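See below for the structure under consideration.
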Amino acid sequence: MNLINQFIWVIFPYLCMATFVVGHIFRYRYDQFNWTAKSSEFIEKKQLMIGSLLFHVGIIPVIMGHIAGLGIPKSWMNAIGVNDHLYHMGAMYVGGLFGVFTLAGMLLLTARRLTTKTVRRLSSTSDMIVNLLLLFIVFMGMFSTLVTNKVQPEFDYRDTISIWFRNLVIFRPEASYMVDVPLSFQIHILAGFLIFALWPFTRLVHVWSVPLNYVRRSYILYRKHRQH
């Protein structure tokens, strides 16, 4: 069992992150032509606009909350006056609200990809996998926050998951912190690492393509052709 825990909570995360880094380098060097979001807006716009808006409005605060919860030690929060009760209320209600936005957006985007015939035909296998996996990750995150935390109120992920994660980052991994973590949290975390491993080989790479040159590019002039 100890070897299994070592693989799941030490080797697997490092394999996923190594794949994430090396995969991006390889993709950028040898497959820049396909480094794109492959927008399907011209096929169906309304559901895409609503779903994408909900997802992005939700996911950015959710990511920031994850960074704060995993990266900032519990003692530091207490030192600035954020006690356990205040922190958990914020995570439950503020995090839950943005989680609902994210989940609603993913449900709409996934339904659009599966039910709109033309969009489905243009979708690759990786598109389907990413959509369904992201939906699953968001669902498990919401389940962990709203259900598991209610059923097991004594569990505080900052005493287990956060410490495990910070140790992982500084290359001093300790799998024992994750052994007694509730199953829903474990599944959420493992699925999260899996999406990082798949990231370089999917359209998710478009996240890094910020059009910085757009703000300083010259205007494009269109001239009407005059027939003589």
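The numbers here are math on the coordinates, done by the rules we state, and not lab data. Keep in mind it's a predicted model, so treat the numbers as computed, not measured. Here the Cβ is made from the backbone with ideal geometry for all residues, glycine too, and neighbour counts use every protein chain on show.
Return Val205, Val169 ranked ascending by Cβ neighbour count within 10 Å, so the fewest neighbours appear first.
If I rank by nearby Cβ atoms, fewest first, I get Val169, Val205.
Phi angles of segment 160-168 translate, via the Karplus equation with coefficients 6.51, -1.76, 1.60 and θ = phi - 60°, into HN-Hα couplings of 10, 4, 4, 5, 4, 5, 5, 5, 5 Hz per residue; Gly and Pro are given as x. Going by neighbour counts of Cβ atoms within 10 Å, the residues Ser124, Ser162 line up, fewest first, as Ser124, Ser162. Going from the fewest other Cβ atoms within 10 Å to the most, the residues Arg113, Arg172, Arg120, Arg203 appear in the order Arg172, Arg120, Arg203, Arg113. The string of couplings for segment 196-201 from the Karplus curve (6.51, -1.76, 1.60, θ = phi - 60°) is 5, 5, 7, 3, x, 9 Hz, one whole number per residue in order, with x for Gly and Pro.
Residues whose amide H falls under 5 Å from that of Ile72, counting only those 5 or more places apart or on a different chain, are absent, with hydrogens built in the peptide plane.
You can think of it this way: the chain between Asn167 and Trp76 has 31.1 nm of extra reach, that is 0.36 nm per residue less the Cα-Cα gap. Between Tyr14 and Met64, the simple spin-label model (points 7 angstrom out along Cα→Cβ) gives 3.4 nm.
Evaluating 6.51 cos²θ - 1.76 cosθ + 1.60 at θ = phi - 60° for every residue in segment 122-133, the Karplus couplings come out as 7, 7, 7, 4, 5, 4, 5, 4, 4, 4, 5, 5 Hz, glycine and proline recorded as x. Simple spin-label estimate for Thr125 and Asp159 gives 4.5 nm between the two label positions (7 Å along the Cα-to-Cβ direction from each Cα).
Note: relative contact order over the chain, using C-alpha pairs below 8 Å and six or more positions apart, is 33 percent. Dividing the mean sequence gap of close Cα pairs (under 8 Å, 6+ apart) by how many residues segment 1-127 holds gives a relative contact order of 34 percent.
Per-residue extension of 0.36 nm, minus the Cα-Cα distance of Val151 and Ser52, leaves a gain of 32.4 nm for this segment.
Relative contact order for segment 99-178 using alpha-carbon pairs under 8 Å, separation at least 6, rounded to a whole percent?
Relative contact order comes out at 25 percent.
Comparing Leu122, Leu198, Leu132 in a Gaussian network model of the chain, where Cα atoms under 10 Å apart are tied by springs, the biggest mean-square fluctuation is seen for Leu122.
In the set [x] 41, 24, 13; [y] 37, 21, 19; [z] 32, 25, 19, the label that goes with semi-axes √(5λ) of the Cα gyration tensor in Å computed for this structure is [y]. Here Tyr28 and Ile4 are evaluated by their C-beta separation; at R0 = 25 Å the FRET efficiency comes out at 0.10.
Our estimate of slack between Val207 and Ile43, defined as 0.36 nm per intervening residue step minus the Cα-Cα distance, is 56.9 nm. Using the rule -39500 (n - 2.57) for each DSSP H run of four or more residues, divided by the residues of the chain, the 222 nm mean residue ellipticity is -18500 deg cm²/dmol. At what distance in angstrom do the alpha carbon centres of segment 48-113 and segment 114-179 lie from each other? Centre-to-centre (Cα) distance: 12 Å.
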